[in-house]
Structure formats: structure tokens, C-alpha cells
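To start, the structure under review is shown below, and the notes come after it.
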Amino acid sequence: MVPVMNLILLGPPGAGKGTQAELLAHAHGIPQLSTGAMLRAATEAGTEIGKRAKAVMDSGGLVSDDIVIDIIADRIVQPDCANGFILDGFPRTLAQAAALDKLLAAKKKSLDAVVAMSVQDEELIKRIAGRFMCANCKAGYHDEYHKTKKPGVCDKCAGTTFTRRPDDNADTVRQRLMVYYRETAPLIGYYYAKGNLSTVDGMAPVAVVTKAIENAVASASKKSKK
């Protein structure tokens with residue numbers, strides 16, 4: 001069993017961070033913290049920071065790093081985070097990473113492991129550009145990796161109408177990758193220098209990637225105890 005830890009998953013869009021975070025969270029009883037979900041929860045709960053975030057979003061603005069950090073600060077002191085948490089999609093920049101370090105220090109917590117999921121660019125494009133879903137029940141499929149059992153018919157609801165997200169195309173994915181390499185990829189060097197980075201092959205089957213992440217976390221735990 002993976003030791004209870006505070007974990008960050010890094011990787012480009014389409015690497016499978018969300019999938020792995022969900023699997024690990026379910027298997028080990030620690031929450032998956034995505035910035036989008038935390039923002040929605042805070043605004044729906046009407047907390048002070050949630051009201052600030054809602055005001056920005058209602059005006060069409062982008063929620064600042066300071067607000068996101070404050071929301072994370074509120075979230076990681078909740079009872080379900082007592083045994084650890086998995087940050088999914090944060091930090092995205094060096095500035096956010098530095099702010100997160102400062103927050104964790106203030107809360108007397110530490111970041112125990114950072115796992116980077118490595119996937120080739122062309123595979124990422126194929127993964128994202130091939131996604132589609134049932135227009136009726138929203139079941140997800142893929143042109144190559146997860147086809148419907150009967151062509152043109154949803155496995156779950158037998159619907160025959162399917163949709164694709166407008167931004168799930170090769171050109172848009174390449175643009176998102178450029179943003180990732182410019183803004184987020186530098187975090188790999190940042191956490192490597194801090195000594196808590198591990199890298200796993202994100203192109204392996206899902207279960208194999210999960211096991212590799214668990215092994216990386218266990219190894220990081222052993223190092224921290226020396």
C-alpha cells in the first residue's frame with residue numbers, strides 16, 4: 001500500500017493525470033484536488049474566498065493565483081486531507097509552485113512526491129483528437145482506444161448521436177502543448193532540483209502507470225525517512 005502522502009502529478013494535456021489521480025484517490029482514500037472542482041465547491045458553498053472567485057468569474061476575468069492559493073489553503077486543512085491529498089492540475093507555473101511551497105510551509109505540511117508522466121507529443125495528439133462522447137448520456141469513447149461495441153451505437157444508452165469538443169483537434173492540441181512547454185514543463189526541473197521528482201512512462205497501460213506511480217511514491221517515502 002502506498003504511504004499516505006501529499007502528491008503532485010505533472011504532465012502535458014492528455015497524459016492521463018486526471019485518470020491516475022482519480023484511481024489513486026479511490027484506492028488509497030485521499031482526495032483528488034483539482035483547481036476547477038475546488039473553485040466550484042468554494043463558490044457554491046459561498047465561502048469568503050468563494051465569493052471573491054465568483055465575482056471575478058462573473059465579470060469574465062481569470063481567477064488570480066492568489067485566490068487559487070487561498071482556496072487550496074482552505075481545502076487542505078479539511079478533515080479528509082489529514083492523511084494526504086493529490087493535486088491534479090496545480091501548480092502550472094513556477095510562480096504557482098513557489099506560492100504552493102510557501103503555503104505548505106505555513107500549514108506545516110510538506111510536498112512528499114512529484115510524479116511526472118512522460119508521453120510523446122504525437123501520442124498526446126492522437127489521444128485527445130480521437131475523443132468523442134454520446135450526446136445523450138455523455139459516455140466517453142475514442143476512435144482507436146475505446147470504440148463503441150456496435151458502430152454508431154452507444155454502449156450505455158443505445159444512443160446514435162455523438163459529439164466532439166470543439167477544441168479536441170490536432171491544431172488546438174499542438175497550441176496547448178506549446179503553452180505547456182513554455183509555462184508548465186519548467187516545473188520538472190524545479191522539482192528535480194528540490195529532490196522529490198520521479199518520472200513514469202505515461203504511454204504504458206493505465207494499470208501499469210498506476211503501479212509505477214505507487215512505486216515512485218513508496219520510493220520517495222523511503223528517501224524522506226533516511
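The values are calculated or read from the model by the stated rules, or taken from the named source; none is laboratory data. Remember, it's a predicted structure, so these values are computed and weren't measured experimentally. Quick reminder, even Gly has a Cβ in these numbers, built from the backbone with ideal geometry, and neighbours come from all protein chains shown.
Among the candidates Pro13, Pro3, the residue that is modelled with pLDDT under 95 and under 22 Å from Lys108 (Cα atoms) is uniquely Pro3. Looking only at residues in region 175-220 that are charged (D, E, K, R) and in a helix (DSSP H, G or I), the one that is surrounded by the most Cβ atoms within 10 Å (Cβ to Cβ) is Glu214.
Can you name the strands (runs of 3 or more DSSP E) wholly within region 1-90 that have at least 2 residues being aliphatic (A, V, I, L, M)?
Strands (runs of 3 or more DSSP E) meeting the threshold: 6-10, 85-88.
Taking the stated definitions as given, is Asp171 more than 30 Å from Ser110 (Cα to Cα), part of a helix (DSSP H, G or I) and acidic (Asp, Glu)?
Yes; evaluated as a whole, the condition is true for this residue.
Looking only at region 108-142, residues that are farther than 21 Å from Tyr180 by Cβ, of a type in the set (D, E, K, R) and surrounded by 13 or more Cβ atoms within 10 Å (Cβ to Cβ) come to 2 in all. Would you confirm, using the coordinates I've provided, whether Lys223 is part of a helix (DSSP H, G or I), charged (D, E, K, R), closer than 28 Å to Gly84 by Cα and more than 18 Å from the chain's Cα centre (by Cα)? For Lys223, the condition - part of a helix (DSSP H, G or I), charged (D, E, K, R), closer than 28 Å to Gly84 by Cα and more than 18 Å from the chain's Cα centre (by Cα) - is met. Where residues in region 182-197 are in contact (Cβ under 8 Å) with a residue 60 or more places away in the chain and of a type in the set (Phe, Trp, Tyr), which of them is nearest to Lys222 (Cα to Cα)? Within region 182-197, the match that is nearest to Lys222 (Cα to Cα) is Tyr191. In region 175-188, is there at least one residue being closer than 13 Å to Ala116 by Cβ and acidic (Asp, Glu)? There is no residue in region 175-188 that is closer than 13 Å to Ala116 by Cβ and acidic (Asp, Glu). Quick test for you: out of Thr148, Thr161, Thr172, pick the one residue that is more than 30 Å from Asp101 (Cα to Cα), surrounded by fewer than 16 Cβ atoms within 10 Å (Cβ to Cβ) and either touching a residue at least 40 places away in the same chain (Cβ under 8 Å) or among the polar types (S, T, N, Q) (or both). Step by step, each of Thr148, Thr161, Thr172 is checked, and only Thr161 is more than 30 Å from Asp101 (Cα to Cα), surrounded by fewer than 16 Cβ atoms within 10 Å (Cβ to Cβ) and either touching a residue at least 40 places away in the same chain (Cβ under 8 Å) or among the polar types (S, T, N, Q) (or both).
In the list Ala116, Ala82, Ala99, Ala95, which residue meets the criterion of being modelled with pLDDT under 95 and aliphatic (A, V, I, L, M)?
From the options Ala116, Ala82, Ala99, Ala95, the qualifying one is Ala82.
Against the test of being buried (at least 20 other Cβ atoms within 10 Å of the Cβ) and touching a Lys or Arg at 6+ places or on another chain (Cβ under 9 Å), the options Ala21, Ala53, Ala42 yield a single qualifying residue, Ala42.
Listed residues Ala95, Ala55, Ala37; which is without any contact (Cβ under 8 Å) to a residue 40 or more places away in the chain, closer than 20 Å to Asp112 by Cα and among the small types (Gly, Ala, Ser)? Can you show your working first?
Working: Ala55 fails: closer than 20 Å to Asp112 by Cα; Ala37 fails: closer than 20 Å to Asp112 by Cα.
That would be Ala95, the only listed residue that is without any contact (Cβ under 8 Å) to a residue 40 or more places away in the chain, closer than 20 Å to Asp112 by Cα and among the small types (Gly, Ala, Ser).
Selection of region 127-138 for residues being in a loop (DSSP other than H, G, I, E, B) and modelled with pLDDT under 95 yields Gly130, Lys138.
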